[in-house]
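Enquirer: Here it is, the structure in full.
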Amino acid sequence: MRIRAASVHDARRLAELRWDFRTADAPAATSHEAFLVRCEAWMRGALGPHGRWQAWVAERDGVTVGNIWLQLIEKIPNPVVEPESHAYLSNLYVVPEARGGVGQALLDAALAHCHAVHAHSVILWPTEGSRTLYARAGFAPSRGILARSEPRSP
């Protein structure tokens, strides 16, 4: 298995993984092909030279079997010694037949990047099935953040 940074050339496969991840537990609200077209375009922009996201992929025998996404959130400059960014992790997914350490390797790669860029904190919204993975990596519920969910449109 190999972990590497994703590029715009990975966008189609990353869109396929996103489809698999999100439709595993909920019915799709769009067609498969329409979603792939929309998502691939978004991912190309997100990973491109002016994009704000980074992603890592896991490859086994040349096939991308998992991914994780990260966006740095810039903080307002501080006059005190304090890191000036947060990191948001999202979309950690490994195809079922490749699970067993791959998710941990992807998470390790993303967290190493967070450490290298001195991110102040790393936030994420776990699924029920991923909570133990994140707990092993030191994640815990935070008392330092407040969140508000906006009501969904019908």
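The values are calculated or read from the model by the stated rules, or taken from the named source; none is laboratory data. Since this is a predicted model, take the numbers as computed values, not measurements. Please note: Cβ atoms are built from the backbone with ideal geometry, for glycine as well, and neighbour counts cover all protein chains shown. Just so you know, the surface numbers come from the protein's heavy atoms only, side chains and all, with ligands and any DNA or RNA stripped out. Shrake-Rupley method; radii C 1.70, N 1.55, O 1.52, S 1.80 Å.
Enquirer: Write down the accessible area per residue of the stretch 48-144 in Å², having rolled a 1.4 Å probe over the full set of protein chains. If you can, show how the numbers build up before the last one.
Expert: On the way: 5810 Å² over 97 residues.
For the stretch 48-144, the solvent-accessible area averages 60 Å² per residue.
Enquirer: Taking the Cα centroid of the stretch 98-128 and of the stretch 1-57, what is the distance between the two, rounded to the nearest whole Å?
Expert: Measuring centre to centre over Cα atoms gives 18 Å.
Enquirer: For the stretch 59-142, with the dipole built from +1 on Lys and Arg beta-carbon atoms and -1 on Asp and Glu ones, taken about the Cα centre, which of 65, 140, 124 lies farthest toward the positive end?
Expert: After comparing all options, I get 140.
Enquirer: Dividing the Cα convex hull volume of the stretch 66-123 by residue count, how many Å³ per residue is that? Display every interim value, and only then the final one.
Expert: Values: hull volume 3.6 nm³, N = 58.
In the stretch 66-123, the Cα convex hull volume per residue is 62 Å³.
Enquirer: With every protein chain present, what is the per residue accessible area of the stretch 1-41 (1.4 Å probe, Å²)?
Expert: On the way: 2590 Å² over 41 residues.
I get 63 Å² per residue for the stretch 1-41.
Enquirer: With only alpha-carbon atoms counted, please give the Rg and Dmax of the stretch 31-154, in Å.
Expert: Rg, Dmax (Cα atoms, Å): 16.3, 50.
Enquirer: Could you give the angle, 0 to 90 degrees to the nearest 10, between helix 11-23's Cα long axis and the longest principal axis of the Cα atoms of the chain?
Expert: The answer is roughly 90 degrees.
Enquirer: Counting Lys and Arg as +1 and Asp and Glu as -1, each charge on the Cβ, what is the dipole of the stretch 94-154 about the Cα centre in debye, to the nearest 20? Working shown, then result.
Expert: On the way: 6 positive and 4 negative charges, 43 e Å.
Its charge dipole is roughly 200 debye.
Enquirer: Additional query: Quantify, in whole percent, the carbon and sulfur part of the accessible surface of the stretch 16-80 (1.4 Å probe; protein heavy atoms only).
Expert: On the way: 2220 of 4020 Å².
Result for the stretch 16-80: 55 percent of the exposed heavy-atom area is carbon or sulfur.
Enquirer: Around residue 6, which amide H atoms from residues at least 5 apart in sequence, or from another chain, sit under 5 Å from its own amide H, with H modelled in the peptide plane?
Expert: Long-range HN contacts for residue 6: 55, 56, 57.
Enquirer: Given +1 on the Cβ of Lys and Arg, -1 on the Cβ of Asp and Glu, and no further charges, what dipole in debye does the chain carry about its Cα centre, rounded to the nearest 20? Walk me through the numbers before you get to the answer.
Expert: On the way: 17 positive and 15 negative charges, 29 e Å.
Roughly 140 debye for the chain.
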